[in-house]
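The values are calculated or read from the model by the stated rules, or taken from the named source; none is laboratory data. The structure presented is a predicted model; accordingly, all values stated were derived computationally and were not measured. Here the Cβ positions follow ideal geometry from the backbone for every residue, glycine too, while neighbour counts run over all protein chains shown. Note: areas computed on protein heavy atoms with side chains; ligands, DNA, RNA excluded. Shrake-Rupley method; radii C 1.70, N 1.55, O 1.52, S 1.80 Å.
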Amino acid sequence: MEIIELTNISKSYGKTKAIKNASLTVNKGEIFGLVGPNGAGKTTLVKILTGQTKPDKGEVTVLKNNIVKHPVKAREKIGIIPEQETPPSFLNSEEYLQFCAQTRKLTNQTDNIREWLEFLEFKNEKNKLSKDLSRGTRQKLMISQAFFFKPEIVFIDEPLVNLDPLIQRKFKKYLRKYVKKGGTVFLCTHVLSMAEEVCDTVGFINEGNVIKTENVKKLLKQYKNLESAFMRIIK
Amino acid sequence: MLLKELLREEWRMHSTMFGNTNFILFSLVIFGLCALFALITPLFISSKSILSFSHYLFFALGISIGSFGLSGREVLNKRFGEISFIAYSSKILPVSVKQIFLNFALKDLMYYTFFFIIPFCTAFIISSAITTITITQASLMFITIPLTFFFGLSLSFLMTTIYSRSKIIIQLIIGCSIVYVFLNLGFFTQEIVYENMLPPLQLFFNPTMKMLIVNITLSAGLFLISTLLFNFEFKAKGKGHKTLFRASKKPSAIKAFMLKDFIDLHRSQGGFGKILFSFLIPILIIEVMMSFVLKIFSVSGEGLLILFSVIIGVTASTIYNWLAEFDNAKKYLNLPINPKKICLSKTGLSIILGIISGSGLLIISFLFSEASITSLGFSFIIFTSVFAITLSVLVYLTGLNPNTLLFDAKTFLKYMLTLAPIIVFFMLQAFSYSKINHLFLIPAPIILTTISIALFKKSMKKITIFE
Ligand SMILES: Nc1ncnc2c1ncn2[C@@H]1O[C@H](COP(=O)(O)OP(=O)(O)OP(=O)(O)O)[C@@H](O)[C@H]1O
Ligand SMILES: [Mg+2]
């Protein structure tokens with residue numbers, strides 16, 4: 001079942017054409033990886049898909065919602081981990097998660113929040129102000145805010161860069177579990193080994209063009225690994 | 001060299017935001033407003049009072065600006081905004097934080113001199129052709145007004161620096177001074193006393209070389225002491241902060257945002273001291289001065305209180321600036337929040353905090369003004385309605401970015417032009433308070449509040465959802 005549908009999207013910032021007539025679809029229950037070089041348009045595409053930026057033209061449907069028309073409403077069921085993790089500075093971690101719960105109009109989230117503080121192993125830092133957290137912990141906080149309320153889709157822009165290997169493994173395992181239960185993940189990365197490891201499908205983007213989307217298993221039959229596929233396809 | 005870079009950076013920031021001409025235009029707008037002030041007021045008030053009042057005005061401005069002692073290093077990130085990049089380079093470059101800070105302060109001094117003081121003094125020079133103010137007096141202002149501003153700034157810097165180390169000491173000093181001035185109000189509003197209380201004003205009336213040196217040494221000394229005491233390091237609270245956010249049975253985005261903003265204001269360095277130093281104290285100084293200057297008009301106590309309530313109403317909207325300063329709607333794009341709600345909650349919290357602190361100020365003013373108790377209720381209504389209209393005009397014109405957009409010449413002009421008639425209206429009422437029928441004043445607050453609500457609704461429509 002298609003849960004994300006992007007049709008003929010274009011977006012320019014002044015003279016820079018960030019996205020050029022891109023289309024793609026993502027099915028429910030899969031981990032979709034968008035890979036591409038720096039400046040390819042990954043972040044821009046995620047922003048369009050999550051109603052943060054308005055595309056110049058084209059249609060976006062996520063969870064059957066027209067994102068361009070109802071950008072805020074659609075975000076209620078969506079978790080987002082932005083590229084730059086900037087939680088508001090003067091709330092402590094626990095408060096920030098409560099704040100997210102309340103702005104999402106959810107009740108009884110205290111247990112969920114505690115679960116995430118424990119799962120990502122930063123419970124003993126829950127009283128520190130977000131601005132005083134280390135970058136890795138800040139990223140843990142942003143992961144928690146995207147997942148604690150059991151959303152239907154989560155968008156992740158560069159998920160693991162600051163996490164230590166142990167937490168990375170834990171989190172990757174969690175992602176598999178999450179999609180097995182019916183969740184969907186859309187992630188952007190240029191860490192190809194990670195995409196190869198966790199993604200079901202990858203989309204290649206370069207200079208604003210979505211060049212190809214393909215099942216990872218199929219790709220691996222054709223190429224040695226995702227890296228060599230990337231080198232071939234993006235050129 | 002660093003200073004030059006900072007100034008250039010500031011210029012670039014403003015000119016890319018508003019365009020070069022607009023940036024120059026801003027000081028022209030200030031000039032125009034000052035010219036009006038310089039031309040009109042001497043018609044009514046003795047030149048001596050006007051000149052003294054002007055000095056106290058810049059003293060109050062200095063106090064308000066100098067409150068940067070509150071926020072330690074944060075000041076480099078927040079008050080100086082986007083140019084904080086240079087401040088961060090202190091970690092890489094071989095320059096000390098103190099050096100950078102001194103340059104920032106110097107830059108600020110030049111900035112205000114250029115944009116406020118020079119236009120103000122120039123206006124007086126020009127108007128001296130037709131008013132009772134002499135050209136010598138007006139030229140002298142070019143020296144004494146910057147000195148006054150610097151004196152206020154240094155004094156406030158010292159107080160706020162101590163405040164950020166020990167609140168109690170400063171609270172005691174301020175509390176005692178208020179009580180002391182209040183008990184001896186007659187004494188403090190004597191011409192001879194207030195002229196001598198402010199060193200730069202003393203210099204203005206008795207320009208001697210000795211006095212000039214005393215003045216410069218005094219302000220620079222205060223400033224240097226503050227710099228030595230100033231906290232340059234962020235100190236994260238070791239054991240962290242107790243969680244104030246509790247799960248709610250009826251969650252609402254607006255309530256959550258108001259609580260968050262309250263916590264931000266409270267936990268950022270200086271906390272509520274910001275409201276104290278940038279709003280309450282400067283206004284009290286201006287009020288004491290006004291009650292003196294207006295004595296000659298035999299303005300009734302009631303009239304004076306009305307005037308005060310208007311001033312408090314206009315300035316209380318600075319709380320909105322503080323609330324908007326910590327925030328950026330972009331930080332919440334991961335949540336299902338309409339930026340309209342962010343604006344709504346900030347306005348709501350500003351109203352709550354503004355009414356609380358403004359009422360406190362109004363009560364102190366009431367004690368100063370010898371007005372009747374019925375007029376207190378009345379002036380409260382005027383205060384709230386003027387506050388409402390100022391806030392809604394501010395929100396309408398600048399949305400979620402009051403701290404940057406108000407420096408746009410066009411926006412600032414619109415802001416002043418909208419508020420001026422309202423202020424003038426109430427001033428006229430205040431001057432003729434004993435002569436007119438008080439019922440005449442009643443419709444004004446109702447009309448103002450209605451307009452504010454309508455304007456606020458309109459400003460909600462202007463806020464866009466997308467980044
Ligand atoms: N707000 C903006 N204003 C102007 N140009 C922008 C803006 N955001 C993105 N761009 C431009 O759009 C293009 C795509 O940027 P985007 O951030 O989407 O790339 P990316 O694939 O996420 O890169 P990276 O891997 O480095 O994160 C770039 O050329 C970038 O300079
Ligand atoms: Mg990116």
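Values computed for the structure shown
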read-out	value
Eligible aspartates and glutamates near A:K217 by straight Cα distance, threshold 15 Å, same-chain separation 8 or greater	A:E30, A:E196, A:E197, A:D200, A:E227
Estimated distance in nm for a label pair at B:K48 and B:T132, the labels positioned 7 Å out from Cα along Cα-to-Cβ	1.0 nm
Sites matching trypsin sites (Lys or Arg not before Pro) across the stretch A:131-219 that sit in DSSP coil, with at most 14 neighbouring C-beta atoms within 10 Å	A:K181
For the pair A and B, total buried accessible area rounded to nearest 100 Å², probe 1.4 Å	3300 Å²
Cα-based Rg and Dmax for the protein assembly as shown, where Dmax is the largest Cα-Cα distance (Å)	29.2, 95
Computed [θ] at 222 nm, helices only, for chain A once each DSSP H run of length n ≥ 4 contributes -39500 (n - 2.57)	-10000 deg cm²/dmol
Rounded FRET efficiency, nearest 0.05, which uses the C-beta distance separating B:I442 from B:L36 and R0 of 30 Å	0.55
Computed lengthening from B:L228 to B:F187, 0.36 nm per intervening residue step minus Cα-Cα distance	11.2 nm
Packing-based ranking, highest mean first, of B:47-56, A:7-16 given that Cβ atoms within 10 Å are counted	B:47-56, A:7-16
Percent accessible area from carbon and sulfur atoms, chain A, protein chains only, probe 1.4 Å	46 percent
Shielding by other protein chains, B:260-270, mean Cβ within 10 Å	3
For the stretch B:319-422, accessible area per residue (1.4 Å probe, heavy atoms of protein chains only), Å²	35 Å²
For the stretch B:104-176 and the stretch A:18-51, distance of Cα centres in Å	54 Å
Residue mean of other protein chain beta carbons inside 10 Å, B:332-345	5
Carbon/sulfur fraction of accessible area - the stretch B:170-227, other protein chains in place, 1.4 Å, %	76 percent
Rounded to whole Hz, the Karplus (6.51, -1.76, 1.60) HN-Hα couplings of the stretch A:14-20, x for glycine and proline	x, 8, 6, 8, 6, 10, 10
Restraint check, A:K140/A:K170; A:K28/A:K140; B:K249/B:K274; B:K4/B:K331; A:K47/A:K131; A:K47/B:K330, Cα-Cα greater than 21 Å	A:K28/A:K140; B:K249/B:K274; B:K4/B:K331; A:K47/A:K131
Relative packing of peptides B:264-272, B:245-253 - highest average C-beta neighbours within 10 Å first	B:264-272, B:245-253
DSSP-defined beta bridges in the protein assembly as shown - what % are antiparallel, rounded to 5	55 percent
DSSP-assigned coil residues among trypsin sites (Lys or Arg not before Pro) in the stretch A:81-126, each with at most 15 further Cβ atoms within 10 Å	A:K105
Eligible aspartates and glutamates near A:K54 by straight Cα distance, threshold 13 Å, same-chain separation 8 or greater	B:E467
Student exercise, the protein assembly as shown dipole from Lys, Arg, Asp, Glu Cβ charges, in Debye to nearest 20	2600 debye
Accessible area (Å², per residue) of the stretch A:1-57, counting only protein heavy atoms and a probe of 1.4 Å	42 Å²
